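*Asks:* Handing you this structure, nothing more for now.
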Amino acid sequence: MYTQRPAEFTYYRPTSLDEAIELLAVDGGMRPLAGGHSLLPMMKLRLAEPQAIVDIGRIPGLDGIEEQGGELRIGALATHASVASSEALRERCGVLAATAEGIGDRQVRNRGTIGGSLAHADPGADYPTVITALGATVVVQGTGGEREIAADELFTGVFTTALERGELITAVRVPALGAGVGAAYEKHRHPASGFAVAGVAAVVEVDGGKVTEARIAVGGVTGTPVPATAAEQAMIGIAPADEAAIAAAAAKVAEGLSGAIGDTYATGEYRVHLAQVLAKRALTTAIEAAA
Ligand code: FAD
């Protein structure tokens with residue numbers, strides 16, 4: 001039945017990370033709440049019926065963004081708005097700031113968090129694709145202590161991740177992009193929500209007038225972000241101005257996209273086509289940024 005009201009639940013508001021982790025370890029019916037912009041709609045639709053909510057939103061110290069030894073560390077509670085406006089990110093990893101700026105609408109950006117978005121693992125979400133191309137590291141903490149998960153190992157299926165029960169994402173580390181490296185994310189926005197019907201992130205290194213390294217990830221098309229390895233290999237050695245070669249490499253993103261999602265808005269076939277078009281745009285912009 002469509003009620004628009006969540007089932008009953010108990011509400012906890014821990015004031016420290018340790019307290020939150022202890023609460024989440026109690027049983028499987030506990031669910032962390034960050035910005036609430038994915039969990040609360042799911043609860044209202046009764047797609048999620050947690051027995052208890054552990055509101056981590058006011059735990060101090062989990063929302064900072066700082067540069068640390070060649071990387072940028074983004075706290076899990078950093079909102080999309082604060083990622084978009086971070087000077088450090090704009091200067092050293094502008095693709096992530098630009099991605100945050102393109103999420104949903106102002107309300108969503110003011111409440112939604114990077115940790116919540118990654119943990120939710122919506123196939124149409126933007127950060128998962130971008131952090132996969134960036135080769136980011138996700139820092140998680142549970143009763144067993146802290147561990148790190150490579151971005152391309154975090155997403156295991158539609159709305160599922162490699163997080164163990166009770167573990168919280170505490171931070172994401174992305175590389176500070178140096179000279180000669182450019183990155184871009186291009187998406188086809190769903191007109192109602194802004195989610196990616198398809199989205200492609202590219203990180204490209206140019207040296208001596210040739211592309212020497214490329215990382216490409218495709219999101220929105222299948223259940224998880226897909227690294228486009230054939231397209232990455234095809235990019236190596238290409239001259240930045242060689243549009244035909246970039247287009248040919250971009251077309252290869254289709255090779256890793258079996259099982260494309262189709263729905264009332266876009267067929268799987270159309271999503272694969274979009275991915276090829278968006279890959280060319282993302283690669284061209286990334287190369288321009290690298291030059
Ligand atoms: P919550 O809703 O609080 O939690 C989401 C899930 O993650 C829950 O299962 C929760 O238990 C878990 N969780 C939260 N934090 C943690 C943590 N630190 N560690 C472990 N588990 C955690 N997203 C896009 O990418 N692009 C868009 O264009 C876009 N458009 C949107 C438009 C609308 C109208 C709405 C409502 C949402 C949109 N979103 C979009 C999703 C939005 O970015 C959400 O804010 C985000 O997916 C979830 O973040 P949150 O902080 O709100 O998490």
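The values are calculated or read from the model by the stated rules, or taken from the named source; none is laboratory data. Remember, it's a predicted structure, so these values are computed and weren't measured experimentally. Please note: Cβ atoms are built from the backbone with ideal geometry, for glycine as well, and neighbour counts cover all protein chains shown.
*Asks:* Pick from the range 22-65 the residues that are assigned to a loop (DSSP other than H, G, I, E, B) and among the acidic types (Asp, Glu): which of them is surrounded by the fewest Cβ atoms within 10 Å (Cβ to Cβ)?
*Replies:* Ranking the candidates gives Asp27 first.
*Asks:* Condition (residue is part of a helix (DSSP H, G or I), within 11 Å of the ligand (Cβ to nearest atom) and of a type in the set (S, T, N, Q)) applied to the range 124-131: is it met by at least one residue?
*Replies:* There is at least one residue in the range 124-131 that is part of a helix (DSSP H, G or I), within 11 Å of the ligand (Cβ to nearest atom) and of a type in the set (S, T, N, Q).
*Asks:* Go through the range 138-189 residue by residue and tally those that are away from the ligand (no atom under 11 Å from the Cβ), of a type in the set (Asp, Glu) and within 21 Å of Ile59 (Cα to Cα).
*Replies:* 2
*Asks:* Determine which member of the set Ala171, Ala179 is over 17 Å from Glu101 (Cα atoms) and free of Cβ contacts under 8 Å to residues at least 60 places away in the same chain.
*Replies:* Ala179
*Asks:* Within the range 82-104, can you find the residues that are hydrophobic (A, V, I, L, M, F, W, C), within 14 Å of the chain's Cα centre (by Cα) and in a helix (DSSP H, G or I)?
*Replies:* Once the filter is applied, which keeps residues that are hydrophobic (A, V, I, L, M, F, W, C), within 14 Å of the chain's Cα centre (by Cα) and in a helix (DSSP H, G or I), the range 82-104 yields Val83, Ala84, Val95, Leu96, Ala97, Ala98, Ala100.
The rows are residues; the columns are (1) in a loop (DSSP other than H, G, I, E, B); (2) at pLDDT 95 or above; (3) outside the structural domain of Ile131 (by TED's automatic domain parsing).
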residue	(1), (2), (3)
Arg215	no, yes, yes
Val218	no, yes, yes
Gly223	yes, yes, yes
Ala231	no, yes, yes
Tyr265	yes, no, yes
Arg271	no, yes, yes
Gln276	no, yes, yes
Ala279	no, yes, yes
Ala282	no, yes, yes
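*Asks:* Would you confirm, using the coordinates I've provided, whether Arg73 is surrounded by 15 or more Cβ atoms within 10 Å (Cβ to Cβ) and touching an Asp or Glu at 6+ places or on another chain (Cβ under 6 Å)?
*Replies:* Yes.
*Asks:* Give the residues of the range 41-51 that are touching a Gly at 6+ places or on another chain (Cβ under 8 Å) and either of a type in the set (D, E, K, R) or within 11 Å of the ligand (Cβ to nearest atom) (or both), sorted by residue number.
*Replies:* Selection gives Pro50 alone.
*Asks:* Might you let me know whether the range 193-208 holds any residue that is surrounded by fewer than 17 Cβ atoms within 10 Å (Cβ to Cβ) and in contact (Cβ under 8 Å) with a residue 40 or more places away in the chain?
*Replies:* Yes; the residues of the range 193-208 include at least one that is surrounded by fewer than 17 Cβ atoms within 10 Å (Cβ to Cβ) and in contact (Cβ under 8 Å) with a residue 40 or more places away in the chain.
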